[in-house]
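Structure record follows, encoded as structure tokens.
The values are calculated or read from the model by the stated rules, or taken from the named source; none is laboratory data. Just so we're clear, the structure is a prediction, and the values are computed from it rather than from any experiment. Here the Cβ is made from the backbone with ideal geometry for all residues, glycine too, and neighbour counts use every protein chain on show.
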Amino acid sequence: MPFRLMLVDDDAAVLDVVQSIVQDLDCEILAYTDSREAAESISRQKLHAAFVDLRMPHIDGLELTRRIRRSPSNSKIPVVMITGQGDANTLREGFAAGVSFFLNKPISRVRVRGLVNALLTSMLSEQIGYTRLPFCAVVECSVNEKKFPAVSVDLSRSGMLLERATGLQQGATLQMEFELPNTGQVLKIRARVVRVANPDRVGVEFMSLSSKDRDLLYNYIRQRMKVQA
């Protein structure tokens with residue numbers, strides 16, 4: 001899935017300039033001149049980054065940024081604020097609202113390309129963090145002294161969906177052991193049941209991942225995404 005980039009500015013000419021600069025970066029672009037439409041999109045669309053103008057009618061850039069930060073699926077994306085005001089007070093208000101970077105007017109092609117390139121790592125991390133990959137593997141589970149094999153359905157950086165996990169209740173903690181295919185790496189992870197889909201299918205959230213396991217999951221999902229692209 002390509003990166004999804006939201007552009008919001010009530011000046012259509014500014015949108016055209018920014019869009020012309022980023023359109024060759026393999027991004028799906030959502031462009032809005034009405035900030036109210038952008039606000040609705042935040043609740044419906046998964047984004048990977050946003051460029052928002054500071055001064056707009058209806059909903060200004062500061063409030064739009066706050067709404068992004070309150071969004072369950074977009075709260076961690078990088079937000080670039082477009083502004084002709086570079087004073088200290090504007091910077092303080094922007095950072096307090098959750099702005100990541102400022103882009104001063106008049107807009108420079110070099111500056112926009114540099115910002116997007118700087119954001120690519122954050123955008124990739126956000127994309128991977130949101131991705132759930134089909135993942136079928138035997139997962140050895142242990143709850144208290146009871147041990148049983150379950151089967152995974154999907155995998156993300158933060159958790160997994162398990163089948164054949166009969167009897168597990170929401171809030172239960174378990175120890176899990178499974179191998180990442182074609183890597184030779186075995187992960188031993190403590191997890192918590194956060195969702196019971198049916199009597200034998202549960203969603204678990206990984207707890208206290210070590211930096212090594214976090215990196216292994218990140219790299220595995222990243223490679224699988226490349227293969228599927």
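Can you pull out every residue in the range 37-56 that is modelled with pLDDT of 90 or more and not in a loop (DSSP other than H, G, I, E, B)? Quick ask: steps written out before the conclusion?
Within the range 37-56, the subset modelled with pLDDT of 90 or more is 37-42, 50-56.
Once the filter is applied, which keeps residues that are modelled with pLDDT of 90 or more and not in a loop (DSSP other than H, G, I, E, B), the range 37-56 yields 37, 38, 39, 40, 41, 42, 50, 51, 52, 53.
Could you tell me which numbered condition residue 93 fails, if it satisfies all but one of (1) touching a Leu at 6+ places or on another chain (Cβ under 8 Å); (2) under 24 Å from residue 60 (Cα atoms); (3) modelled with pLDDT under 90?
(3)
Can you name the condition, by its number, that residue 89 falls short on among (1) in a loop (DSSP other than H, G, I, E, B); (2) exposed (fewer than 13 other Cβ atoms within 10 Å of the Cβ); (3) polar (S, T, N, Q)?
Only one criterion in (1) in a loop (DSSP other than H, G, I, E, B); (2) exposed (fewer than 13 other Cβ atoms within 10 Å of the Cβ); (3) polar (S, T, N, Q) is unmet by residue 89, namely (1).
Could you please give the count of residues in the range 57-86 that are closer than 22 Å to residue 4 by Cα and assigned to a loop (DSSP other than H, G, I, E, B)?
Total satisfying the criteria: 10.
Could you run through the range 28-58 and say how many residues are buried (at least 19 other Cβ atoms within 10 Å of the Cβ) and closer than 19 Å to residue 113 by Cα? Full working, then the answer.
Here is the first cut: in the range 28-58, the residues buried (at least 19 other Cβ atoms within 10 Å of the Cβ) are 32, 35, 38, 42, 47-54, 56.
Still in the list and also closer than 19 Å to residue 113 by Cα: 47-53.
Of the residues in that region, 7 qualify.
Please work out if residue 5 is under 29 Å from residue 222 (Cβ atoms), buried (at least 17 other Cβ atoms within 10 Å of the Cβ), touching a Cys at 6+ places or on another chain (Cβ under 7 Å) and in contact (Cβ under 8 Å) with a residue 24 or more places away in the chain.
Numbers: under 29 Å from residue 222 (Cβ atoms): yes; buried (at least 17 other Cβ atoms within 10 Å of the Cβ): yes; touching a Cys at 6+ places or on another chain (Cβ under 7 Å): yes; in contact (Cβ under 8 Å) with a residue 24 or more places away in the chain: yes.
Considered against the rule, which asks whether it is under 29 Å from residue 222 (Cβ atoms), buried (at least 17 other Cβ atoms within 10 Å of the Cβ), touching a Cys at 6+ places or on another chain (Cβ under 7 Å) and in contact (Cβ under 8 Å) with a residue 24 or more places away in the chain, residue 5 comes out as yes.
Tell me which residues, restricted to the range 55-106, are closer than 25 Å to residue 44 by Cα, of a type in the set (Lys, Arg) and more than 26 Å from the chain's Cα centre (by Cα).
Matches in the range 55-106: 55 only.
Could you run through the range 147-168 and say how many residues are exposed (fewer than 13 other Cβ atoms within 10 Å of the Cβ) and at pLDDT 90 or above? Before you say what the answer is, go through the steps one by one.
Keep residues of the range 147-168 that are exposed (fewer than 13 other Cβ atoms within 10 Å of the Cβ), which gives 147, 149, 166-167.
Narrowing the set further to residues that are at pLDDT 90 or above leaves 147, 149.
Residues flagged as exposed (fewer than 13 other Cβ atoms within 10 Å of the Cβ) and at pLDDT 90 or above within the range 147-168 amount to 2.
Answer with yes or no whether residue 53 is of a type in the set (Asp, Glu) and farther than 15 Å from residue 81 by Cα.
Numbers: of a type in the set (Asp, Glu): yes; farther than 15 Å from residue 81 by Cα: no.
Considered against the rule, which asks whether it is of a type in the set (Asp, Glu) and farther than 15 Å from residue 81 by Cα, residue 53 comes out as no.
For residue 139, are the conditions met, namely being among the β-branched types (Val, Ile, Thr), more than 25 Å from residue 76 (Cβ to Cβ) and part of a strand (DSSP E or B)?
Details: among the β-branched types (Val, Ile, Thr): yes; more than 25 Å from residue 76 (Cβ to Cβ): yes; part of a strand (DSSP E or B): yes.
So residue 139 passes the test.
Which residues, taken from the range 169-208, are of a type in the set (Val, Ile, Thr), touching a helix residue (DSSP H, G or I) at 6+ places or on another chain (Cβ under 7 Å) and buried (at least 18 other Cβ atoms within 10 Å of the Cβ)? Spell out the reasoning first.
Quick first cut of the range 169-208, residues of a type in the set (Val, Ile, Thr) only: 173, 183, 186, 189, 193-194, 196, 202, 204.
Right, trim to touching a helix residue (DSSP H, G or I) at 6+ places or on another chain (Cβ under 7 Å) and you get 183, 189.
Matches in the range 169-208: 189 only.
Tally the residues that are exposed (fewer than 14 other Cβ atoms within 10 Å of the Cβ) and hydroxyl-bearing (Ser, Thr, Tyr), restricting the search to the range 59-86.
Within the range 59-86, residues that are exposed (fewer than 14 other Cβ atoms within 10 Å of the Cβ) and hydroxyl-bearing (Ser, Thr, Tyr) number 1.
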